[in-house]
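Structure record follows, encoded as structure tokens.
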Amino acid sequence: MSPKRLATLTHWRRRAAFTGMVSLALCLIAVWLDRKTFLPSYLFAWLFFLGLALGSLSILLVHQLTGGRWGTVISQPLFAAAMTLPLLTVLFLPLLVVLPDLFVWAAPTAVAQSELVQQKHWYLNVPGFDLRAATYFVVWIGLVYGLRRLLLRRDRASDAAATKALRRLSIGGLIAYVLTMSGAAVDWIMSLTPEWYSTNFGLLTIVGQALSAFAFVVVAAVVLIDRSPTAAARDFHELGNLLLMFVMTWAYLAFTQFLIIWGEDLPHETAWYAPRAQTNWLWVAIAVFALQFVLPMAALLFRDVKRDPRLLAGLCAAVVGACWLDTAWLVTPPFRTQGFALRPFDVLATLGIGGVWLANVIGVLQRTPPFTDTTAPVQEAQQHG
């Protein structure tokens, strides 16, 4: 990385850290002024950045199994985003203190009034929630630090054993991630409406995280790129194809979940969609669908968009914004039953968590050398053969 780019990153890291710290200080005031209004904003902002970190981790694990130049291009920002998991763990701790203000099942009076919530109380209870959350973070942080150790060992010593260990870790890590994130999606999002359940929701959340993370790291890769336009065009063409795959998979799962619930028309299932379809939350859903599926789907059909790093980065920035809006659509309707309204607390929580998160990402980027792809020579030899 050139000294000029390092200086630019240092400048942006300081600005992000300052913005984040000031905003988090204002968040403390917001908690004191109106805790019940602020907490949903904090929860969805935290979940959005957690999705960027976990989605990056999952893509890193996939690349260790598949190889390819596409992963080498975005390996640095992927790794930097995944390494923010310890920070996000710390930012999660305040939520443990205010569970009854967010989750109906955590308030004894609310549990007593709902027979269905009582039936789920064996799972939805505060000690179980805390224990599962601790397990999730231990698994995720263990994966990212295990991945870091093996990546550095492989690149520094060209250790073949480290490459095999990376693949074993990736296989087990992906299984562990899918299982733990499925549980976390139930605990942190689905249980906001404890009457509702969906077997598809965990997978939908996982794909949404991968989509948001992939779009983010493509933008970061364009900022960090230091190669010829021809080489960049080849690499970003592959990234554009992968982005199209993530977009289509997310749309398929989201539509499948909606279609099944619409067809069954059961009260405990429609309880999820009722507040999101009978108010102006419906327009938010339409906006998310347009920005997260229709726009990228249409744009990525054109080769010129995929081969132009700036056009692709602009499209990915729109997808990241849509993912932020989608997270708000998933989390906040139970607290805003009258409809959607962008509140100052939404912006404040996003700037607070996002500022310190981005400063952490940039700090890791500055300290981490580019990773090599040991499968690239094999693939190139097969193509020439």
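The values are calculated or read from the model by the stated rules, or taken from the named source; none is laboratory data. Since the structure is predicted, the reported quantities are computational estimates derived from the model, not experimental observations. For neighbour counting, all protein chains shown are included, and Cβ atoms are generated from backbone atoms with ideal geometry for every residue, glycine included.
Here are some notes:
- Answer residue from region 125-175, given it is under 30 Å from residue 108 (Cα atoms) and aliphatic (A, V, I, L, M) and is farthest from the chain's Cα centre (by Cα) among those: 126
- Complete set of residues in region 1-47 that are among the polar types (S, T, N, Q) and either in contact with a Cys (Cβ under 9 Å, 6 or more places away or on another chain) or assigned to a helix (DSSP H, G or I) (or both): 8, 10, 19, 23, 37, 41
- Candidate set: region 178-229, residues that are among the aromatic types (Phe, Trp, Tyr) and assigned to a helix (DSSP H, G or I); chosen: the one farthest from residue 253 (Cα to Cα): 216
- One residue stands out among those in region 99-135 that are among the aromatic types (Phe, Trp, Tyr) and free of Cβ contacts under 8 Å to residues at least 40 places away in the same chain: the one that is surrounded by the most Cβ atoms within 10 Å (Cβ to Cβ), which is 123.
- Residue in region 88-98 that is among the aromatic types (Phe, Trp, Tyr) and buried (at least 16 other Cβ atoms within 10 Å of the Cβ) present: yes
- Index of the failed condition, residue 343 passing every other in (1) surrounded by fewer than 19 Cβ atoms within 10 Å (Cβ to Cβ); (2) over 27 Å from residue 84 (Cβ atoms): (2)
- Answer from 32, 46, 140 - the residue that is within 29 Å of residue 162 (Cβ to Cβ) and not aliphatic (A, V, I, L, M): 140
- Out of 178, 218, sole residue that is surrounded by fewer than 20 Cβ atoms within 10 Å (Cβ to Cβ), under 30 Å from residue 312 (Cα atoms) and touching a residue at least 24 places away in the same chain (Cβ under 8 Å): 178
- Of 367, 303, all but one fail to be at pLDDT below 90 and among the charged types (D, E, K, R); the exception is 367.
- Contact map, region 6-22: residues that are more than 15 Å from residue 87 (Cα to Cα) paired with residues that are surrounded by fewer than 17 Cβ atoms within 10 Å (Cβ to Cβ) and aromatic (Phe, Trp, Tyr), Cβ distance under 7 Å, separation 6+ or inter-chain. No pairs are found.
- Comparison of 105, 70 shows that the only residue that is farther than 27 Å from residue 174 by Cβ and of a type in the set (Phe, Trp, Tyr) is 105.
- Checking each residue in region 243-285 for being surrounded by 14 or more Cβ atoms within 10 Å (Cβ to Cβ) and part of a loop (DSSP other than H, G, I, E, B) picks out only 279.
- Leading residue by the ranking (surrounded by the fewest Cβ atoms within 10 Å (Cβ to Cβ)) among those in region 136-174 that are over 30 Å from residue 197 (Cβ atoms) and hydroxyl-bearing (Ser, Thr, Tyr): 158
- Number of the exception - residue 208 against (1) under 25 Å from residue 336 (Cα atoms); (2) surrounded by fewer than 20 Cβ atoms within 10 Å (Cβ to Cβ): (2)
- Considering (1) within 21 Å of residue 289 (Cβ to Cβ); (2) modelled with pLDDT under 95, the lone condition that residue 209 does not fulfil carries the number (2).
- Qualifying residue in region 307-319 (condition: more than 22 Å from the chain's Cα centre (by Cα) and under 30 Å from residue 114 (Cα atoms)): no
- Exactly one residue among 182, 170 is of a type outside the set (A, V, I, L, M, F, W, C) and closer than 27 Å to residue 257 by Cα, and that residue is 182.
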